[in-house]
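The values are calculated or read from the model by the stated rules, or taken from the named source; none is laboratory data. Everything quoted here is computed from the prediction, not taken from an experiment. Note that we place each Cβ from the backbone using ideal geometry, even for glycine, and neighbour counts take in every protein chain shown. Surface accessibility is based on the protein's heavy atoms, side chains included, excluding ligands, DNA and RNA. Shrake-Rupley method; radii C 1.70, N 1.55, O 1.52, S 1.80 Å.
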Amino acid sequence: MTFSVVQLLGGLSYATTLFLMAAGLTLIFGVTRIVNFAHGSFFMLGALFTAHWVTEWFPAWGESAPLYLLAILLGAACAGLVGALADFLLLRRMSGAPELYQLVATFGLTLALHDAMQWGFGPDEVFAPRFPGLKGSVQIGEEFFPVYQLVMIALGPLVWLGLHLLLRHSLFGRRLRAATQDRAMLAALGVNPKPLMLGAVVLGCALAGLGGALQLPREPAHLQMDMNVIVETFVVVVTGGLGSIGGAFVAALLIGLVHAIGIAVLPQATLVIVFLTMAAVLVLRPQGLNGLSAASLEGVREPAQRFRGLDLTRFWNGVIALVLVLLSGLAWQGGAYWQTLAADALILMIFGISLQSMMALGGLVSFGHAAFFALGGYGAALSHSQWGASLPVALATGCVAALLVAAVFGAAVVRSAGVYLAMLSLALAQVIWAGATQWVSLTGGDNGLIGLALVDEAGRPLFFALLVALALASVLALRLLSRSAMGAALQAVRDAPARAAASGLRVGWLKYRVFVESAVLAGLAGGLFAAHKGAVFPSVAAVATSVDALLVVLLGGVHQLWGAVVGSAVLSYVSAELGREVTYWRGLLGVFIMLVMVASPSGLLGLLGSRTRPADRASGRAG
């Protein structure tokens, strides 16, 4: 019992950190309708700034409680100021864009801020001193609990109360709530919404920085804090409901307690239990515990889009396919480096097309498509290592593994949409990642499954040709699907789901079917990856793998037939070349992603089309 009380108190203390993050993210979303994936970067900035302030720049501040507290507030202020800069350069330009574009753009911001902080603060961990006056502990039975964490427990309700009073009893708060409900009406009444948006972003980022600074007496500041905290922050926000501070507070308590119970009862499955809790809430209440209604989120829906590239004749599609084959042949002749790079790009192309089919046609947003990529990879690897399966059988096994999980998980997909669906898919990917990491006897854990001989050296040329053929076949399948009756029905469901249902279309079945088919193709890509690399690791289910698929689709153009082809080629080449030549290449890649999302959300092919169509129209008028 004593041990359980201490664990539960630790969960409540952790809940305060989650609430500070979730409250800031909720404020930003409520006013700007922007889903800020970079929110974890402001958490990390607050921690790193404060840690360096009290350890390297002004060490004496770490020995005085008032000065230490002032340093923590300065860390929060620094995060708020950088948030204001981010709002001016990026966030206000993404306001009103679909959630998926916002997620990818702010992921680019995450990459840029990460490398900026690595350049400014250095790559090493920073151990800050404990908070003066709160270094002791209290005895609970035979266990001890830190006094500082008791203060953190008390801080959570105080922050919630302060936000409640600000939003309910101040002019700024009332205008914020009005902007959350109807920003256009507020502007019509003569209130400029831009300062309100700026205030919400600054306050939200400052809360994230405060949460990071308050972590210092418990853990060192390091450059992995952003990704470590943002995933569980999204869990809290989505579980509580988008736009609800009260829901975020309740969800933070729930997730914090579930986290503590998981550590006490089943430490290896703690992350799985947390995500299963979120999934259970969303299945029962698709809008979260206290989220905004679907009508309130209607403005986030992407406008109707025509799938471009279908008007190309067979001749021109054949020319493009021939160019792809020729470029692949040149890469094969270029040596081992170009062969590996081209194979990576082809596999990424197939993976991207699997995601594009459900995004472009069905309007389904996935932020965890790596789950099926990983299932395909591990399915192929295990069938080969355990049963000696050949390449075709191993690939089929990976596809079946992805099919089975998608068939079950798809039941939740038809009940969710937008950010909620994105977070459900992220939960699945994190569960797969946790299983691959913890089930050491089957998956090898962090060591992975290595030494796979699905493709020997003599079979490399044939395998490379297979990759080219499968990539072209995937494009052809996407073209046939988009031109079919099912493709037209899917696009009707994407653009006007209520009208499609009223017309007699089986909306749920159409979403379910395209989701499962997409998962199977992602599983095929994962199996090809395992065969190409000769190994598979838990990182194939990580958030970064899902983001790679999103980048492929959005860089090329989600509504472009050849978008994933262009996106995979650009992303693979730019990442490889920058990685070889530039130290902070991830930051440059992040800047590139933000520029594409701001300048041309329709992707590089969309930008090219917008440049050529005016010329075509002008020539037509001249003729």
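A few notes on this one:
- Centre separation in Å (Cα based) which lies between the range 201-230 and the range 370-425: 34
- Per residue value of the accessible surface for the range 510-616 (all protein chains in place, 1.4 Å probe), Å²: 35
- Compactness of the range 183-248 as Cα Rg over 2.2 N^0.38 Å, two decimals: 1.46
- Extreme residue, positive dipole direction of the chain, given options LEU163, GLY334, PRO129 (C-beta unit charges): LEU163
- One chain, two ends: LEU284 and LEU189. Fully extended at 0.36 nm per residue, the span grows by 30.3 nm beyond their Cα-Cα distance.
- At full extension, LEU588 and SER137 could sit 157.8 nm farther apart than now, given 0.36 nm per residue minus the alpha carbon distance.
- Prolate/oblate/rounded call for the range 505-594, Cα gyration tensor, a/c under 1.5 rounded: oblate
- Relative to the longest principal axis of the Cα atoms of the chain, the long axis of helix 543-556 makes an angle of roughly 50 degrees.
- Take the Cα of LEU70, step 7 Å toward its Cβ, do the same at GLU457, and the gap between the two points is 6.8 nm.
- Note on GLU581: accessible area is roughly 140 Å² with a 1.4 Å probe, heavy atoms of protein only.
- Total charge dipole magnitude, the range 130-200, about the Cα centre, Cβ charges on Lys, Arg, Asp, Glu only, Debye to nearest 20: 460
- Under 13 Å, Cβ to Cβ, from VAL54 - net charge with Lys/Arg +1 and Asp/Glu -1: -1
- Over the range 19-122, all Cα pairs binned in 5 Å intervals from 0 give whole-percent P(r) values of 2, 12, 21, 22, 16, 12, 8, 4, 2, 0, listed from short to long.
- Rounded to the nearest 20, the Cβ-based charge dipole of the chain about its Cα centre (Lys and Arg +1, Asp and Glu -1) stands at 2260 debye.
- Summed side-chain charge close to TRP585 - residues other than TRP585 whose Cβ falls under 10 Å, Lys, Arg +1, Asp, Glu -1: -1
- Within the accessible area of the chain (1.4 Å probe), percent carbon and sulfur: 67
- Angle between the chain longest axis and helix 65-86 axis [Cα atoms, degrees, rounded to 10]: 30
- Label zone (LEU327, point 7 Å along Cα-to-C-beta; backbone nitrogen cut-off 17 Å) within the range 560-582: 560-578.
- Each of ASP446, ASP87 has its accessible area taken with a 1.4 Å probe; listed largest first, they run ASP446, ASP87.
- Here the contact order of the chain, divided by its residue count and restricted to Cα pairs under 8 Å and six or more residues apart, works out to 19 percent.
- Calculated [θ] (222 nm, deg cm²/dmol) that DSSP helices of n ≥ 4 give over the chain, each run adding -39,500 (n - 2.57): -24500 deg cm²/dmol
- Our estimate of slack between LEU480 and ASN447, defined as 0.36 nm per intervening residue step minus the Cα-Cα distance, is 7.8 nm.
- Set of aspartates and glutamates with alpha-carbon distance to LYS533 below 18 Å, sequence-local pairs under 8 removed: ASP344, ASP446, ASP456, GLU457, ASP548
- Centre separation in Å (Cα based) which lies between the range 57-85 and the range 435-470: 48
- Acute angle (nearest 10 degrees) that the helix 603-622 long axis makes with the longest principal axis of the chain, alpha-carbon atoms: 60
- Dipole of the chain, positive end: most advanced residue of TRP53, SER474, LEU608 [Cβ charges, Cα centre]: LEU608
- Prolate/oblate/rounded call for the range 347-490, Cα gyration tensor, a/c under 1.5 rounded: oblate
- For the chain, with +1 on Lys and Arg beta carbons and -1 on Asp and Glu, the positive-most of GLY247, MET185, GLY444 along the dipole: MET185
- Solvent exposure, largest accessible area first (probe 1.4 Å, DNA, RNA and ligands not counted), of LEU203, LEU322: LEU322, LEU203
- Accessible surface ranking for TYR101, TYR584, TYR573, 1.4 angstrom probe, highest first: TYR573, TYR584, TYR101.
- Mean sequence separation of contacting Cα pairs (under 8 Å, at least six apart), scaled by the length of the range 28-176, corresponds to a relative contact order of 28 percent.
- With both labels modelled 7 Å from their Cα along Cα-to-Cβ, the SER170 to LEU276 distance reads 4.2 nm.
- For the range 307-459, accessible area per residue (1.4 Å probe, heavy atoms of protein chains only), Å²: 41
- Here LEU223 sits with roughly 10 square angstrom of accessible surface, probe radius 1.4 Å.
- Entry comment: accessible area of the range 182-269 is 34 Å² per residue, from protein heavy atoms only and a probe of 1.4 Å.
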